[in-house]
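Participant: Quick one: this structure, given as structure tokens, is what I'll be asking you about.
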Amino acid sequence: MLGQKWIIYWSEYASDTYLYGSKVYFHKKDDVEYINRLMPPGTVIKQWYSKTNFQMQKIEPTLPIIDGESKYQITINIDTPDNENCLMRLVFFDRYEVEAGSITLRDKVTEFSCPLKTYSYKLQLINGGVTSLHFHSVVIQEILDETEEEIETT
């Protein structure tokens, strides 16, 4: 059973977006068109953060706080041309900003759990050979096990 749900959109803030030679069109909140025909594969297109330094980055966190004891389901809503794809990567950090692990997401829907010592994390949209894409949203949803379900119903 699925629990709390968070929807992440592509904000218009540009410092965490790869813009060199790119065209970005914000059609609607849940429809961002990104075009870059010359970007090399492996390039991080966009990043979202669960913890930020507002003084330095001038952005607020856009990812929910998650813990290492729960399981989560992530659903990626991105349209790409045929035979082109993009990847998503979750990078987890401990309280000293040292990387505690990472997960590369290749499917539209994936279940994951983060390392126990996770203090913050970031989500990266990575070019896997794509020249254009339509980004709609990323949905992160907590997966409840049966003991949590029983507690909620009582």
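Participant: Six or more apart or on different chains, Cβ under 7 Å: which pairs go from a residue in segment 73-92 that's farther than 17 Å from residue 43 by Cα to one that's basic (Lys, Arg)? Could you list them?
Facilitator: 75/108; 76/108
Participant: How many residues, within segment 99-128, are part of a strand (DSSP E or B), among the acidic types (Asp, Glu) and under 25 Å from residue 79 (Cα atoms)?
Facilitator: Residues in segment 99-128 being part of a strand (DSSP E or B), among the acidic types (Asp, Glu) and under 25 Å from residue 79 (Cα atoms): 1 in total.
Participant: Can you find even one residue in segment 79-86 that is of a type outside the set (Lys, Arg), surrounded by fewer than 14 Cβ atoms within 10 Å (Cβ to Cβ) and in a strand (DSSP E or B)?
Facilitator: Yes, segment 79-86 contains a residue that is of a type outside the set (Lys, Arg), surrounded by fewer than 14 Cβ atoms within 10 Å (Cβ to Cβ) and in a strand (DSSP E or B).
Participant: OK, next. Check every one of the strands (runs of 3 or more DSSP E) wholly within segment 1-75 and list those with 1 or more residues that are more than 15 Å from the chain's Cα centre (by Cα) and surrounded by 11 or more Cβ atoms within 10 Å (Cβ to Cβ).
Facilitator: 2-8, 23-28, 31-35
Where a number appears in this text, it was derived from the coordinates with a stated rule and is not lab data. Just so you know, these numbers come straight off a predicted model, no measurement behind them. Note that we place each Cβ from the backbone using ideal geometry, even for glycine, and neighbour counts take in every protein chain shown.
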